[in-house]
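What follows draws every value from the coordinates through simple rules; no lab data is involved. Because the structure is a prediction, the values reported are computed rather than measured. Cβ sites come from the backbone with ideal geometry, for glycine too, and all protein chains shown count toward neighbours.
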């Protein structure tokens, strides 16, 4: 009887080790980006060319300001000022486009009327890296009155 094959098998067993059963880890669901809940179906959205000079709302109302922008060239709208009496707060915002390179999309700012007051919403359109370094390409000011 030859011992060489047995020694070789034993050596291979020691080198490679015996096959261990691994404990199965529970599979985690793929992380999904946090989605904001959709706004209620009943709220007004104002956009060009029908943007009013004055937006009137009552406390707890939501309304949207929809502005066209071209993010592919780095230009976007930014809310830079809201009424100083804090009568309006930015509830959320979203950007929608058809994702074609160079295409414009719609940036919607969803605002909430918090308390009675008067003031203005001011938006700037520019490359964010140029904010404070160069004047914005466009400025939009909308007067507001919350009842």
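Descending by average beta-carbon neighbour count within 10 Å, the peptides 103-113, 42-52 line up as 103-113, 42-52, the highest first. Under the rule a/c < 1.5 gives rounded, and otherwise a/b versus b/c splits prolate from oblate, where does the stretch 89-147 land using the Cα gyration tensor? The shape class here is oblate.
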